[in-house]
Amino acid sequence: MSTESKSKKRTLKPIDARQPTVRKMDFDGMSDLPEHYFAGNSFVTHIINAYHILFPEGERFFIKSVKAYSDQVIDSQLQTNIKAFIGQEVQHGKEHEKVLEILARQGRPVERFVRFFEWSAFRMMLPFFEFFFGKKLKLSVTAGMEHYTATMGEITLRHGFHENAFGDMRNLLLWHACEEIEHKSVAYDVLRTVSNSYTLRIFGFFLASWIFWGYVVFFQHWFLLTDPEIGWKRYFQDMNSSRVYGRILFTETVKAFFLYLKPGFHPSQTGGYEMADRALATI
């Protein structure tokens, strides 16, 4: 069942892939956020909570990866879009950190999760592979991750998943989805500017796939295991109830995976800009 947001109506600049806009938001309507805020389903709620863990540190990684090569970009429009990309990612990180504070107040072991993610992904895994593939690997991983976040945004909007989230959580997920669609080509275009290597692009994408899905499933179940309201019976009930979302998510992300492998792929080919613009106007 969808939940109407009680927050005030906002007037936001339209989605424009040619020149993304930094929209400063303040989702302050989540003080009464339920522990299972997505249709009362713990299985889906904790998947979203896993992304809340990944996003703040992930956004900072994206910014550093793109910024490291911005001085090699000659195209003035792409330079402008890089600045907007960085501004949007900063705002995304701030809003997801606010959610982590709420989750911590609910008794979730958020700080432990964040420390583990930062150590294992950014101090161990990525430096290890960077040693063999060079510094451009981080940019390639970022481009791959942006493909997934934009794909998730498109799935969310196309199927109205965000409408099942409580209050301002609905608006946060919607806003983030729209902006991921808006700036989905930026990191890819920077990567294409500094390297034409298909091998680099695809290996970075495989690594991004592991980070994006491996950590999410891991943290989702860590959340479930530390949730005092969830026993085995509730776990299987909520998992079965979430299959309708899972089938859509699996089918469409598999298609997105193979689409990225095509040599002539570009993020703009998946479109979604008009859909994102219409959705953003509902916040």
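The values are calculated or read from the model by the stated rules, or taken from the named source; none is laboratory data. What you see is a predicted model, and the numbers here were worked out from it, not measured in a lab. For neighbour counting, all protein chains shown are included, and Cβ atoms are generated from backbone atoms with ideal geometry for every residue, glycine included. Surface accessibility is based on the protein's heavy atoms, side chains included, excluding ligands, DNA and RNA. Shrake-Rupley method; radii C 1.70, N 1.55, O 1.52, S 1.80 Å.
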Anything in the stretch 20-62 that is crowded, with 22+ Cβ neighbours inside 10 Å and among the polar types (S, T, N, Q)? List them, or say none. Ser42, Thr45, Asn49
Can you give me the number of residues within the stretch 158-170 that are crowded, with 22+ Cβ neighbours inside 10 Å, in contact with a helix residue (DSSP H, G or I) (Cβ under 9 Å, 6 or more places away or on another chain) and in a helix (DSSP H, G or I)? 4
Can you list residue pairs whose Cβ atoms sit under 6 Å apart, with the first residue in the stretch 148-176 being at pLDDT 95 or above and the second being basic (Lys, Arg)? Count only pairs 6 or more apart in sequence or on different chains. Ala150/Lys184; His162/Arg170
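Can you name every one of the helices (runs of 4 or more DSSP H) wholly within the stretch 182-283 that holds 2 or more residues which are within 19 Å of the chain's Cα centre (by Cα) and more than 23 Å from Val66 (Cα to Cα)?
215-225, 243-261, 273-280
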Give the residues of the stretch 242-263 that are open to solvent by less than 60 Å² (accessible area, probe 1.4 Å) and either of a type in the set (S, T, N, Q) or without any contact (Cβ under 8 Å) to a residue 12 or more places away in the chain (or both), sorted by residue number. Ser242, Gly246, Thr253, Val254, Leu259
